[in-house]
Amino acid sequence: SVIAERTSHVVGLPVSEGGCGDPSPHTAEGGFLASDAALNHVGTSVAAARVAVPGGGAVGRALAEELLRAGARVTAADTDATRLASLPKEVTCVGVEEILSVACDVLAPCGPPNVLTRESIDRLRCELVCGAANNPLAGPEVATELDKRGILFVPDFLANAGGLIHLLVAREGGDASDTRERLELIPKNFARVMEIARAERVDPLAAAERVIAERLRS
């Protein structure tokens, strides 16, 4: 809440009006970097990946565009047909009831929260979950269940930090190039999370929460 109070006057406002501009592209870029790091972790690359994106809003669209530029194949879904129509023509669109069942390497939630429950993850046909949506899991127990099933979950607050990073950079007087430099923290944080997860035999969400605790103590 303190961050919100101190930054509300610049969130989303155009640069010409003293704001930081639309944070969506930076959120998407952070999500892309997180997906790239996670794919490298499992031995593949974005260029070879199939990515399913539930949610075709500003962040989902920007993420799809970045993935396509990197060579990925993208499938998307949204309840809003207008959003789907604005996606690049290379994106395959499916119904919202189908998107969780799409065979893919990465499921990248970019829409409503709580889409992944104990029941809905039975439908997943992906190797990892890494998206920009806030709270895509219905609860922490879902992260444990994903881990048991061999599906790598990249915590949302790690993957979608790009917009907030951009906001903080803007408050410090930086620009988009400074944001891009700082976004490299995201794959570094991912590496640290996976190091802890492997060493302590916990799921990535639990490991990420331990990283946060470390940072707060320091």
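Brief remarks on what is shown
- Linear extension gain, ARG171 paired with SER120, 0.36 nm per residue minus alpha-carbon span: 14.4 nm
- In the chain, the calculated helix contribution to ellipticity at 222 nm averages -13500 deg cm²/dmol per residue, counting -39,500 (n - 2.57) for every DSSP H run with n ≥ 4.
- When Rg and the Kirkwood Rh are both derived from Cα coordinates, the Rg/Rh ratio for segment 15-131 amounts to 0.98.
- Gained length - THR144 relative to GLU195, 0.36 nm times residue gap less alpha-carbon distance: 16.7 nm
- Charge-dipole axis of the chain as Lys and Arg at +1 and Asp and Glu at -1 on Cβ define it, positive-most pick from GLY162, ALA213, SER120: ALA213
- For segment 53-120 versus segment 132-194, the inter-centroid distance based on Cα atoms is 18 Å.
- Residue with peak Gaussian network fluctuation, the chain [Cα springs, cutoff 10 Å], from ASN160, ASN40, ASN189: ASN40
- For THR44 and ALA85, the difference between the fully extended length at 0.36 nm per residue and the C-alpha to C-alpha distance is 11.7 nm.
- Each 5 Å bin from 0 upward holds the following percent of the Cα-Cα pairs of segment 62-134: 3, 15, 28, 30, 17, 6, 1.
- The charge dipole of segment 27-144, taken about the Cα centre with unit charges on the Cβ atoms of Lys, Arg (+1) and Asp, Glu (-1), comes to about 180 debye, rounded to the nearest 20.
- Using only side-chain charges placed at the Cβ, +1 for Lys and Arg and -1 for Asp and Glu, the dipole size of the chain relative to its Cα centre rounds to 320 debye.
- Listed residues VAL59, HIS41, PRO88: farthest to the positive end of the dipole of the chain (Cβ charges): HIS41
Read-outs throughout are calculated quantities, based only on the coordinates presented, and are distinct from any laboratory measurement. Predicted model, so just to flag it, every value in this text is computed and none were measured. Note: ideal-geometry Cβ built from the backbone for every residue, glycine included; neighbour counts use all protein chains shown.
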